[in-house]
1. Which of the residues that make up segment 127-147 are within 13 Å of residue 78 (Cα to Cα) and not in a helix (DSSP H, G or I)?
2. Has segment 167-183 got at least one residue that is closer than 29 Å to residue 89 by Cβ, assigned to a helix (DSSP H, G or I) and in contact (Cβ under 8 Å) with a residue 40 or more places away in the chain?
3. From the set of residues in segment 54-75 that are in a helix (DSSP H, G or I) and free of Cβ contacts under 8 Å to residues at least 60 places away in the same chain, which is nearest to residue 27 (Cα to Cα)?
4. Considering segment 106-122 alone, what residues qualify as being closer than 30 Å to residue 197 by Cβ and buried (at least 17 other Cβ atoms within 10 Å of the Cβ)?
5. Condition test on residue 37, is it at pLDDT below 95, assigned to a helix (DSSP H, G or I) and farther than 19 Å from residue 167 by Cα?
6. Can you pull out every residue in segment 123-143 that is loosely packed, with under 14 Cβ neighbours inside 10 Å, closer than 22 Å to residue 198 by Cα and touching a residue at least 40 places away in the same chain (Cβ under 8 Å)?
């Protein structure tokens, strides 16, 4: 297998990992995180991104941090389709922008979000996600280091609410006056983070291995002469 063919194959595998990780984060965001025996009291990651600050005592962890996996999923979707032909890349980019838009404040709060302390951070982070997605779609192929930074950043930020959930869980239990569990949404998000770290590790190994092989070959040739 030639080096060009090998790298094309590896890149396609990394795109699959990007898409799978994005799907896991997206599904995890809308599945229950806080489970309860009473169905209406269950809270998904998206519910937590709206109601956490309204839960007495739970304001120690901001609403916005539960949106990090959603924003990461949108960026990963753009990354997964970055090397596709233009029509497919544009379609994938539109879908990524749609996912990112779910992080905007709901109407009518969005009308004044830029000036509201309660929604300003959420509003501007979503705009930042929009800008990054547009850069990925318009430029197509990103430098390897830029893609690596995106993968690691998405993994780290998506892990923040995984930890934060346990900071707010006691306050949710106090509000309900009954225990809540760790739902499938939390586990799907964890799986997405694990996939991102796997993709980053595989990419590093994929870049290092050819250099190591070439250096070994040069050293062997030099020894034979």
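The values are calculated or read from the model by the stated rules, or taken from the named source; none is laboratory data. This is a predicted model, so every value here is computed, not measured. Every residue, glycine as well, gets a Cβ built from its backbone with ideal geometry; the counts of neighbours run over all protein chains shown.
1. Residues of segment 127-147 that are within 13 Å of residue 78 (Cα to Cα), as a first pass: 129-142, 147.
Passing the criteria: 140, 141, 142.
2. The initial filter retains those residues of segment 167-183 that are closer than 29 Å to residue 89 by Cβ, namely none.
No, segment 167-183 has no match at all.
3. At the first step, the residues of segment 54-75 found to be in a helix (DSSP H, G or I) are 54, 58-60, 63-75.
Add one more test, that the residue is free of Cβ contacts under 8 Å to residues at least 60 places away in the same chain, and what stays is 54, 59, 63, 67, 70, 74.
Values: 54: 24, 59: 25, 63: 18, 67: 13, 70: 9, 74: 12 Å.
Here the answer is 70.
4. Looking only at segment 106-122, we keep the residues that are closer than 30 Å to residue 197 by Cβ, and these are 121-122.
Within segment 106-122, 122 is the sole residue that qualifies.
5. Numbers: at pLDDT below 95: yes; assigned to a helix (DSSP H, G or I): no; farther than 19 Å from residue 167 by Cα: yes.
No; evaluated as a whole, the condition is false for this residue.
6. Correct list: 141 only.
This table checks each residue for (1) under 17 Å from the mean Cα position of the chain (by Cα); (2) part of a helix (DSSP H, G or I).
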site: 78; (1), (2): yes, yes
site: 84; (1), (2): no, no
site: 87; (1), (2): no, yes
site: 92; (1), (2): yes, yes
site: 95; (1), (2): yes, yes
site: 104; (1), (2): yes, no
site: 113; (1), (2): no, yes
site: 121; (1), (2): no, yes
site: 125; (1), (2): yes, yes
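Yes/no matrix, rows are residues, columns are (1) at pLDDT 95 or above; (2) crowded, with 17+ Cβ neighbours inside 10 Å; (3) within 20 Å of residue 44 (Cβ to Cβ):
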{"position": "163", "(1), (2), (3)": "yes, no, yes"}
{"position": "168", "(1), (2), (3)": "yes, yes, yes"}
{"position": "185", "(1), (2), (3)": "yes, yes, yes"}
{"position": "189", "(1), (2), (3)": "yes, yes, yes"}
{"position": "195", "(1), (2), (3)": "no, yes, no"}
{"position": "198", "(1), (2), (3)": "no, no, no"}
{"position": "201", "(1), (2), (3)": "no, no, no"}
